[in-house]
Amino acid sequence: MTKKYDYLIIGQGITGSSFAWTLYSNKKSFLILDSQEKNSASNAALGIYNPITGRRNSLTWNADKLSNTTEAFYSKVEKILEKKFMYKKNIFRPFKNNRDFNDWTIRAENNKFKKYIKKLDNKGILTSKSGYLDVSKYLTETRKYFKSQDRYIQEKLNSKNIKTKKSKIIISDYNAKHVIMCLGINQNQLDLFSHLPLRPVSGNSIIAESNFNSKHIINKKISVINTSKNIIHAGSTYHNGFENMGTNKIENQLKKLIKKKYKIKEYKFGVRPVTKDRRPFVGRHSNIKNLYIINGLGSKGVSQSPYCSIELFNYIEYKKHLDKEINIKRINT
Ligand SMILES: Cc1cc2nc3c(=O)[nH]c(=O)nc-3n(C[C@H](O)[C@H](O)[C@H](O)COP(=O)(O)OP(=O)(O)OC[C@H]3O[C@@H](n4cnc5c(N)ncnc54)[C@H](O)[C@@H]3O)c2cc1C
C-alpha cells in the first residue's frame, strides 16, 4: 500500500524548505519532490534579509513583521539541525556625495526608519535588523536531514504525472492530502496556476577570495558579504528574462568598493520568480481543492518565505484568513 502523507511539497528551494520546516514544527507528515535545477533562484542568492531595500532605500513591505518572523524561524531550524547558517549583520552603505548624506539625515528623522539606524555620519549609514542566510548550506542541510527521514526524493514533476479526479490533484502514485507548489519560475512550465503572471528576472553573484574583510555587509550598487575570513559573496544583477548576462557589472563595482585584489572561486546564476505588484503569490487553486502555491518571492525569498509558509499553513489547517496582500485571489482568473 502506498504511504499516506499530509502534504506533498514540490520544489525545495528557499520556499519549499521554509514550508517543509513549518510542517515539521507542526508535526505533519510530508514528502518533498525536487529536481535540483541548476539555475534555480535559490542557488544564486546572497541570502540577505534587510528591512531597507532598493535603489530608493525604502522600507520593505511588512518590514517589522518580516524582520521578527525571519530570525526566529531560521534560528529554530539551526537548533534542530545543530548547524549555523544565519548571521546577523548590520549593513553599511557608503555615501557617494553630500546628497546621500542629506537624504539619509531626513530619513533618519522618520520614526519608521529611526529604529533601524545604528550610526549616521558623513562617510555613510549603518543600519540594523539585517543579516544573511548561507542559503547553500541551509538547502543542503535541509535536504540531507529530510532525506535521512525518507521525506525527500529527487524527482522532476512533469505534466504527464499530474491527474485531477473529483476536483483533487494526484501526483504520480503519491498519496497526499494537500499538494504545495514551490517551483519558482518553473511553475510557468506546468499548466497549473497559469493565470498567475510570474516574470523571470535573471541575476548573477560571485564568490571570491580576497583579503578584504568587513564585519558589516557593504552595500553600494552591489552587496558584499564576508562569509568567512578572506571569502566574499558579492552581487547581484537584475535582467528581465532568462538570459545569463555575466558578472562584469558586479566585478566593476566590486573593484571600486573593496579596492583589493580578488580571485573568483565560483560564478552563480539564477532566475527569480517576480510578480507585478511585488507581493508573493500564496493561496489555493480556484478549482482544485487540495492544490496550493507559494511563489513570486522576487528578491526577498529569505525574509518572505517563513511568513508566507506560516500564513498558508494556518489557512489550510485552521481556516485562518490569508493576508489579502499575498492571497492569489487578488489576481483575476
Ligand atoms: C543573483 C540572485 C541574488 C539573490 N539574492 C537574494 C538575497 O540576497 N536575499 C533574498 O532574500 N533573495 C535573494 N534572491 C532571490 C531568491 O533567490 C528568491 O526569492 C528565492 O530563491 C525563490 O525561491 P523559490 O524556492 O521560490 O524558487 P527557486 O529557488 O527557483 O526554487 C524552486 C525549486 O523547485 C525545484 N523545481 C523546479 N521545477 C521542478 C519540477 N518540475 N519538479 C520538481 N522540482 C522542481 C528546483 O529544483 C528548485 O529547488 C536572489 C536571487 C538571485 C538570482
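Taken together, the values in this text are just the output of simple stated rules run on the coordinates, not laboratory data. Predicted model, so just to flag it, every value in this text is computed and none were measured. Please note: Cβ atoms are built from the backbone with ideal geometry, for glycine as well, and neighbour counts cover all protein chains shown.
Below are the figures for this structure:
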read-out: Net length gained if the chain between N287 and K163 were fully extended (0.36 nm per residue, minus Cα distance); value: 43.3 nm
read-out: Ranked list, fewest to most other Cβ atoms within 10 Å of each Cβ, for K83, K329, K300, K263; value: K263, K329, K83, K300
read-out: DSSP loop GluC sites (Glu not before Pro) with at most 15 other Cβ within 10 Å excluded, longest remaining stretch of the chain; value: 110-242
read-out: Cα-projected label distance for R99 with K4, points at 7 Å along beta-carbon direction, nm; value: 6.5 nm
read-out: Sites K118 and S25, calculated FRET efficiency, Cβ-Cβ separation with R0 45 Å, nearest 0.05; value: 0.90
read-out: Neighbour-count order for H321, H233, H285, fewest beta carbons within 10 angstrom listed first; value: H321, H285, H233
read-out: Pairs from K38/K268; K3/K144; K168/K276; K76/K112; K123/K215; K166/K319 whose Cα-Cα separation, in the structure shown, is over 18 Å; value: K3/K144; K168/K276; K76/K112; K166/K319
read-out: Under 10 Å, Cβ to Cβ, from Y262 - net charge with Lys/Arg +1 and Asp/Glu -1; value: +3
read-out: Sum of -39500 (n - 2.57) over DSSP H runs of 4+, divided by residues of the chain (222 nm, nearest 500); value: -8500 deg cm²/dmol
read-out: Nearest-ten-degree value, helix 135-148 long axis tilted from longest Cα axis of the chain; value: 30 degrees
read-out: FRET efficiency, 1/(1 + (r/R0)^6) with R0 45 Å, evaluated for N68 and D173 via beta carbons; value: 0.65
read-out: Cα-based shape type of the chain, given that a ≥ b ≥ c are square roots of the gyration tensor eigenvalues and the cut on a/c is 1.5; value: prolate
read-out: For F146, F95, order by how many other beta-carbon atoms lie within 10 Å, fewest first; value: F95, F146
read-out: Residues of the range 179-222 with amide N under 17 Å of a point placed 7 Å along Cα→Cβ from I153; value: 179-182
read-out: Spatially proximal aspartates and glutamates relative to K28 (Cα-Cα < 12 Å; intrachain offsets below 8 disregarded); value: D6, E317
read-out: 0 to 90° range, to nearest 10: angle between helix 14-25 axis and the chain longest Cα axis; value: 60 degrees
read-out: Spin-label model distance (nm) - H195 vs N213, 7 Å beyond Cα toward Cβ; value: 5.7 nm
read-out: Alpha carbon convex hull of the range 199-274, projected area averaged over orientations, nm²; value: 4.8 nm²
read-out: Inter-label distance for K137 and E325, nm, one decimal - labels placed 7 Å from Cα along Cα-to-Cβ; value: 3.1 nm
read-out: Aspartates and glutamates with Cα under 19 Å of K221, excluding same-chain neighbours fewer than 8 positions away; value: D100, D103, E251
